[in-house]
Each structure stands twice: as structure tokens, then as C-alpha cells.
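The values are calculated or read from the model by the stated rules, or taken from the named source; none is laboratory data. Being a predicted model, the structure only gives us computed values, none of them experimental. Using ideal geometry, Cβ is built from the backbone for each residue, glycine included, and neighbour counts are taken over all protein chains shown. The protein model used for the area step is the full one, side chains on, heavy atoms only, and it has no ligands, DNA or RNA in it. Shrake-Rupley method; radii C 1.70, N 1.55, O 1.52, S 1.80 Å.
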Amino acid sequence: MARISLIVAFLILAAVAAGAFFAWPRSAPRAPDAGAVVIQPLAPREAAPVPTPVPSPSPTRSAIEAAILDSMADPRAELRDVVTRRDAPQIACGEKRTSRDPVFRRFVWLGHLKMLATDDGSQDFGNILAVCREGQAVP
Amino acid sequence: MKRLSRAICITLVSATALAAALPAAAQSVPNAPTGPVETQYYANGAYATTQTRSTVACDSKGNQCDVFYPTNIASLNTRLPLVLWANGTGSTADNYPNWLKHLASWGFIVVATRDQQTGYGNTVLDSLAYMQAQDTNPASPFYQRIDFAHVGAAGHSQGASGAANAMFHSVGVIKTTVTFELPNQNWCNPADNCLLTPTLTGGSGSIFYVSGTADSLIAPDTQSGGTQLNSQTAWYNATPSTMLKAKGLLKGANHNDITGTPGCGLLGFLKACANGVYGYLGYPTAWLAWQLKGDAVAGAAFKSGTGEFFTANAWQGRVSNIP
């Protein structure tokens, strides 16, 4: 009797576990603008004019920086102050400049989508920038 | 003890069987079609499909091309319309198998360069030239099989820019474009790797802007202001009124749902897929069928304000100038 009870209990447990596994929501779609944070418009950060950037490959460059630079397909592009989100390491934010735009401007990198946004001084970029904060929804 | 072992085995086998059966049986399909046109084109077309890859480079960057087409293409009596596909950043046709096969099943020949940086549209035009050469090569399965009077383009993310750029630089060869998740100009690196405003405002052809409501960071419906085209509405509004144009957002779809096969699978989180390709199958295919195959009923679905598209459950943010 005890064996039968044990088997029945095990079967119930297995069924509950299987049900829970498949009922678990996966990446539930978010409503429009969910997680968007309204922040004050940020004045375009006008960095001081700089000399024409020169390539400065660093042997210690992180994989994420390499991925960002690869996406720009510009051998003269440079990054600085790159910070990855601790709770979403595929997201990185920092500043970049390129051969065509030799002023450091803020950027947002979504590594899982291979997308790179550049600060144009608009509130739209401010909204994008919010994704750099820990705890924000990951697109 | 033997009984217990047997019970454990039975449980494990049952659980495995349950795991295999549940996704198919219990899955609720997101963005299901509602109207007759969407339902028609949501389903696969009548053609069995074949996929092939060029044995040589098909674009100026040295990439090969993937081609999806009806398997019985040699026995068909008519030439088939051509769709040029442009991949999103870092992607190839391998990322969009369900969508591309779906198009081929409706009688389109689909060519996709394996270029992973398609934003300029130049490699998309290269793939067109490749198919033009195939059409004149008696050894090719596409010999005299392509209807170059009916060429369209479509693309995803950076590829949406690439598809539109290809159309606007094709001097009228490409008649229409469907853009999936066309990014804000914020996301263009460098800027001209996007669809530029002067290119769009000076263009001709027709265009259908498609995005998802869960893609609000990259391809949102509306924007906060500024002079850049940072939303689907801004892209739509900047499109000349002389062009036929439409715009709609699929409810709940995120940036990568078009990569679904057709759902996102157990590993969907790796490609940031949530709902899968389902909702994208109907109206985008109907648009191409209207523009490239002359299906007037499909075209009527986009009639401004009153077409079927405007009452479809899975869509919002809809607008068109279709009379």
C-alpha cells in the first residue's frame, strides 16, 4: 500500500512539474512602451573637438566592445566609458566616435539584436538610454 | 523495488511524451488571422518549395545567395514574380526560413543575399542582377522563369532599410517594399546605412511599413519629436502621398518575431523571439500578392479605413492611403 501511495505521489509530482514547465510564461509580450522611462531631454553632449581618431586596438578590449566596433564596420571608430548592464550583459552603453563623426557621442548597444543607437540629442534617444539602467525591461 | 523502477520509467516516458505533445496540442497561436484575406495568406500557398544556394558569389561583397522557389518551377506556364529579401544585422536567410518558404509557397521566387550588412541596399540590387543573369542562363533552374515586371523587396531591421534603399535606387525596377521593424534613424550606423529622409521623400513605388507593438525601443509607432524619422508613423508620413503606402503594428510582436519557425521554440529566448512569425504571414504576403501578382481582393483589404486590415484583431496603429 505504501508503495502504491509512493508511486501515486510520484506521478502527481511529475504531472505537476510537467504542467508547471509548460505553463511557465516565456518572454511574455509587453505592452507598447512597457518599461519605457520618461526622462528629461538630455542636451546634446558637445564634446570638445578632437583630432581625427586613430585606430587604437587594445589587447584587453572586451568581447562586447569588439562586437560593437565590428557592427560599425569602421576601422577608425573608437569607444570610451563602455559599461555593460550587470543584470543584462548583452546591453552596453558608452561613448563612440567614428571617422565620419569624430565627436564622442553616447550610444546604446543591444548585443542580442546587434543594434547600436547614437545620441542625436532627441528625447527619443533619452528613452532608448533608459535601457541602460539595471532593472529596466530588456527589449 | 522492480515495481518502483517500472513506475519511475513509466512516469519518465509519460512526462517525455507529454512534453512532446503539449507544445503542439496546447499552444495558443498568437496573432491568429481573422478576416478572409488574412486567413487566406496566413496559410501556406499551394506550391511545394525548394531552397538552393548559389555556388558562386551573387553580390559585390562576395556573398552567396539563397533562393526559395516553387519546386515545380520548370513546369509552370508563367514567369513568377521576384522578391528580394534583405537580412537584419548579422543575419542570413537561415534566420527567416519559415517566412521565406511561406512566400515561395505562394508562387514567389525569393532571393536573399547572405550579406549581413544590407542597409545600403547595394547587395540587394546585386542579388537582383544575379537573378537577371540566371534568367538568361539555360543551365539555370530560373532560365526564363522570372517576371522582371513584377519585382518587390522586403527586409527586416537593417534589412528593412536595405529593401527600401534597393527600391528607391532601382530606377523603377522594384515596384514595392515591405519593411519589417524598420529602425529609428537613431539606430543607423553610419547614418547612410539607413533609409535617409531625402531618399524616401524623393522616391516612388509602394511601401508597407510593418512593426510590432513590443518593438517600442527600435521601431516604435510614434515618437517624441525631433527631425529624425524615429517611428513608423514618421516613416509613413514622410513617404510621398504619390506612393501607395500602408502601416500597421502587430500586437505583442517584438523586434525578432519574424525569425520564428513559426513559433519561437524552446530556444526562442536566444534569438529574442516571443510570439513567432505567425502574425506576419497574412497581410505582408497579401500586400505582395496584390502588388506583384495582381490580386485585387488582397489589395482591397488595405483600402484606407474600411479594408479588412483595419478590423483585423492582431493589428493596431493602422493607416493607409489606398483608395
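Filtering region B:272-323 to residues that are of a type in the set (Ser, Thr, Tyr) and within 28 Å of residue B:95 (Cα to Cα) leaves B:278, B:280, B:283, B:285. Of everything in region B:47-73 that is touching a Ser or Thr at 6+ places or on another chain (Cβ under 7 Å) and under 11 Å from residue B:107 (Cβ atoms), the residue that is least open to solvent (accessible area, probe 1.4 Å) is B:70.
Being at pLDDT below 95 and either touching a strand residue (DSSP E or B) at 6+ places or on another chain (Cβ under 8 Å) or over 21 Å from residue B:221 (Cα atoms) (or both) is a property that holds for residue B:262. Scan region B:239-255 for residues that are more than 12 Å from chain A (Cβ to nearest Cβ) and farther than 16 Å from residue B:160 by Cα and the total you get is 5.
State yes or no: is residue B:291 open to solvent by 10 Å² or more (accessible area, probe 1.4 Å) and within 14 Å of another protein chain (Cβ to nearest Cβ)? The answer is no for residue B:291. Using the structure shown, decide if residue B:230 is within 30 Å of residue A:125 (Cβ to Cβ) and part of a loop (DSSP other than H, G, I, E, B). Here the answer is yes, as residue B:230 does meet what is asked. Of all residues in region B:182-222, those satisfying the criterion of being of a type in the set (Ser, Thr, Tyr), in a loop (DSSP other than H, G, I, E, B) and over 17 Å from the mean Cα position of the chain (by Cα) are B:204, B:216, B:222.
The set of residues in region B:118-152 being within 17 Å of residue B:53 (Cβ to Cβ) and acidic (Asp, Glu) consists of B:126 alone.
When the residues of region B:268-323 are filtered to those that are aromatic (Phe, Trp, Tyr) and outside any helix (DSSP H, G or I), the one that is nearest to residue B:248 (Cα to Cα) is B:315. Of all positions in region B:236-244, none carries a residue that is closer than 22 Å to residue A:130 by Cβ and either open to solvent by 10 Å² or more (accessible area, probe 1.4 Å) or modelled with pLDDT of 95 or more (or both). Number of residues in region A:110-139 that are of a type in the set (Ser, Thr, Tyr) and farther than 23 Å from residue B:116 by Cβ: the value is 1.
Kindly evaluate residue B:96 against the criterion of being under 24 Å from residue A:113 (Cβ atoms), away from chain A (no Cβ under 14 Å) and modelled with pLDDT of 95 or more. It is true that residue B:96 is under 24 Å from residue A:113 (Cβ atoms), away from chain A (no Cβ under 14 Å) and modelled with pLDDT of 95 or more. Scanning region B:154-198 for residues that are open to solvent by 10 Å² or more (accessible area, probe 1.4 Å), more than 12 Å from chain A (Cβ to nearest Cβ) and aliphatic (A, V, I, L, M) turns up B:171, B:173, B:196. Suppose the filter is modelled with pLDDT under 95 and either away from chain A (no Cβ under 12 Å) or more than 21 Å from the chain's Cα centre (by Cα) (or both); does residue B:225 pass it? Taking the combined requirement at face value, the residue satisfies it.
Among the residues examined, residue B:246 does not qualify as in contact (Cβ under 8 Å) with a residue 12 or more places away in the chain and either more than 21 Å from residue B:169 (Cα to Cα) or assigned to a loop (DSSP other than H, G, I, E, B) (or both). The set of residues from region B:74-130 being hydrophobic (A, V, I, L, M, F, W, C) and surrounded by fewer than 20 Cβ atoms within 10 Å (Cβ to Cβ) comprises B:74, B:76, B:129. Listed here are the strands (runs of 3 or more DSSP E) enclosed by region A:66-139 that have at least 3 residues being at negative phi, within 9 Å of chain B (Cβ to nearest Cβ) and buried (at least 19 other Cβ atoms within 10 Å of the Cβ): A:105-110, A:115-118.
Condition first: closer than 23 Å to residue B:220 by Cβ and at pLDDT 80 or above. Can you find one or more residues in region A:43-61 that meet it? Looking for residues that are closer than 23 Å to residue B:220 by Cβ and at pLDDT 80 or above, one finds none in region A:43-61, hence no. One residue is enough: does region B:256-267 have a residue meeting the conditions more than 8 Å from chain A (Cβ to nearest Cβ), buried (at least 19 other Cβ atoms within 10 Å of the Cβ), without any contact (Cβ under 8 Å) to a residue 40 or more places away in the chain and assigned to a loop (DSSP other than H, G, I, E, B)? Scanning region B:256-267, I find no residue that is more than 8 Å from chain A (Cβ to nearest Cβ), buried (at least 19 other Cβ atoms within 10 Å of the Cβ), without any contact (Cβ under 8 Å) to a residue 40 or more places away in the chain and assigned to a loop (DSSP other than H, G, I, E, B), so the answer is no.
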